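Student: One structure, as structure tokens, below. Some questions next.
Values quoted throughout were computed directly from the atomic coordinates according to the rules given, and no laboratory measurement underlies them. Note that the structure is predicted; figures quoted are calculated from it, not measured. When we count neighbours, we look across all protein chains shown, and the Cβ atoms used for this are built from the backbone with ideal geometry, even at glycine.
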Amino acid sequence: MIDVKLLQKNFDETAAALMRKKVDVSVINELKNANETLKNAKLAYETLQAKQNELSRLFGQYKKEGKSTDELKIEVDANKATLNDLLDAQRTAEETLDAIIMRVPNIPDADVPDGEDENDNIEIRKVLTPPTFTFTPKEHWELAEQNGWIDFERGVKLSKSRFSVVAGMGARLERALINFMLDFNRARGFEEFSVPMLVNRRALEGTGQLPKFEDDLFKVEEEELYLIPTAEVPLTNLFQDEIINGADLPIKMTGYTSCFRKEAGSGGRDVRGMIRQHQFHKVELVSITRADQSDAVFEEMVACASDLLAVLGLPHRLVTLCTGDLGFGAARTVDLEVWLPGQNTYREISSVSNTRDFQARRAKIRYKEEGKNILAHTLNGSSLAVGRTMIAIMENFQQEDGSIRIPDALKKYL
RNA sequence: GGGUCACUGGCAGAGUGGUCGAUUGCACCGGUCUUGAAAACCGGCGAGGGUUAUACCUCCCAAGGUUCAAAUCCUUGGUGGCCCGCCA
């Protein structure tokens, strides 16, 4: 969450930054008022509590000295009722503030371009040239069915739409990709983790999926656990509530998990094929850094994902997301979009974000430096979405007869 | 799933109703000594809020309760150890 003190001290500037991210000005004012109410409520409660503590100390002293405590008791009892009311007021104020601030997105970096939606994103560069074909390239679902790699119908039979079954060479390729990506990331200094795919509410609040995006998550009701929408959640929250030695940063992690998303609100889009599934596989990068390190690590992570695509021989481009397309917790994001000849367009395959201290403030991830505890910066990025990488391989490496060439980099994994 | 015991600062571990946010050891940081290090000695050292800085408030797994007063007593929940049962 954002630093409410910043809003208090630097209202105009902070409000302007939030409005770039489409936060309504009324919400910003509410937030400021709620914070002031809380401060006043706290002051009132703490002043009386201090007095009450002092009286209690006296009480003990009187008892020891054998003095009468009758008068004290009357005063103390009277305060007690007031104290309870003040405490209630403070709690209400806290809840009010919390309810607002937990739904306020991160402040975008100053150099993030303004914009409405993905059309206003800015291309940074292209990597590799899209292949040319002597025939009309097919879309991935056609190739997948022809090669027997993906069985869409049986996926629906087992679960529902947006689930699929990967078979034979497709399944082996999927496994090879996961191993290839993990090894690649490890060579770049990211330590490998295998983490729970069911997490509790606290973890999801830490990374920002809750409370605002509950509708996007699959929940196991009777256990109060949620299926993770991305490994970013467990990996980042590994350090929830911890104070890390500053010298140990940056911590760079990678992990493979399945990811589960309800895709509420994506209605009708990408229903065909494997672009948008309720369950998909992803290898993730997550870093925890000192405040002064996050920009450099961000570039490392973008490079890691981009190089991975390049080594696979997949043409792609890097784009800087504009304010309107930026996710809830991100201060800045670079998307990697892979070329899909069948669709004749670039499609998102990875998204690397710096959340700065937004998640760290929620999850209480701090580091100690020169005796002080400082909120860490957290970053996450996909490296890569496995299903979409398979799609990209199918479409870019398809032959005229519909067969698919396997990228050299993967051969030793098959 | 049943029983039982436990949960205190980075770790270990005191404290069982009152000046306790907490003895002590280790770790850590600074200093003296040393060519340098180690050892020894001296000092510092939990977290959040608040303040220019102090005061002051909160936190001893969590939430309630008893009490003028709770780390300490009670209730519920969570987690962990051990025993029993069950199961890959």
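Student: Scale the Cα Rg of segment A:75-184 by the rule-of-thumb value 2.2 N^0.38 Å and send over the ratio, two decimals.
Tutor: Details: Rg = 28.4 Å, N = 110, 2.2 N^0.38 = 13.1 Å.
Ratio of Cα Rg to 2.2 N^0.38 Å: 2.16.
Student: Which residue, A:GLY381, A:GLY168, A:GLY265, tops the fluctuation ranking in a GNM of chain A built on C-alpha contacts under 10 Å?
Tutor: In the Gaussian network model the winner is A:GLY265.
Student: Per residue, what volume in Å³ does the Cα convex hull of segment A:111-257 take up?
Tutor: Enclosed volume per residue, from the Cα hull, is 227 Å³.
Student: Continuing with the same structure: Long-range amide H contacts for A:GLY115: which residues qualify at under 5 Å (H placed 1.01 Å from N, peptide plane, sequence gap of 5 or more or a different chain)?
Tutor: Amide H to amide H, under 5 Å and 5 or more residues apart or across chains, A:GLY115 pairs with A:THR323, A:GLY324.
Student: Connecting C-alpha atoms closer than 10 Å in a GNM of chain A, tell me which of A:PRO229, A:PRO108, A:PRO130 has the biggest fluctuation.
Tutor: Checking each option, the largest mean-square fluctuation is seen for A:PRO130.
Student: Here's another thing I want to ask about it. Hey, how many Å between the Cα centroid of segment A:362-406 and the Cα centroid of segment A:278-322?
Tutor: Cα centroid of segment A:362-406 versus Cα centroid of segment A:278-322: 5 Å apart.
Student: Separate question: Express the C-alpha Rg of segment A:4-101 as a ratio against the empirical globular expectation 2.2 N^0.38 Å, rounded to two decimals.
Tutor: Normalised by 2.2 N^0.38 Å, the Cα Rg of segment A:4-101 equals 1.61.
Student: Between A:GLU370 and A:THR82, how high is the FRET efficiency from 1/(1 + (r/R0)^6) when r is the Cβ-Cβ distance and R₀ = 45 Å? Nearest 0.05.
Tutor: Here the calculated transfer efficiency is 0.60.
Student: Shape verdict for segment A:158-239, please, from the Cα gyration tensor: rounded (a/c under 1.5), prolate (a/b greater than b/c) or oblate. Can you show the working numbers first?
Tutor: Working: a/c = 2.75, a/b = 1.24, b/c = 2.21.
Note, shape of segment A:158-239 comes out oblate.
Student: Something else about it: Straight-line reach from A:LYS22: which lysines fall under 20 Å, measuring Cα to Cα and dropping same-chain residues less than 8 apart?
Tutor: A:LYS32, A:LYS212
Student: While we're on this one: How high is the FRET efficiency from A:THR92 to A:LEU158, r the C-beta distance, R0 56 Å, rounded to 0.05? Display every interim value, and only then the final one.
Tutor: Details: r = 48 Å, r/R0 = 0.86.
Calculated value: 0.70.
Student: Beyond 27 Å, what percent of the Cα pairs of chain A remain? If you can, show how the numbers build up before the last one.
Tutor: Values: 50065 of 85491 pairs.
Counting pairs separated by more than 27 Å, the tail of P(r) holds 59 percent.
Student: Are there chymotrypsin sites (Phe, Trp or Tyr not before Pro) in segment A:134-200 that DSSP puts in a loop and that have at most 16 other Cβ atoms within 10 Å, and which ones?
Tutor: Here the chymotrypsin sites (Phe, Trp or Tyr not before Pro) that fit, given the DSSP loop and packing criteria, are A:PHE135, A:PHE163.
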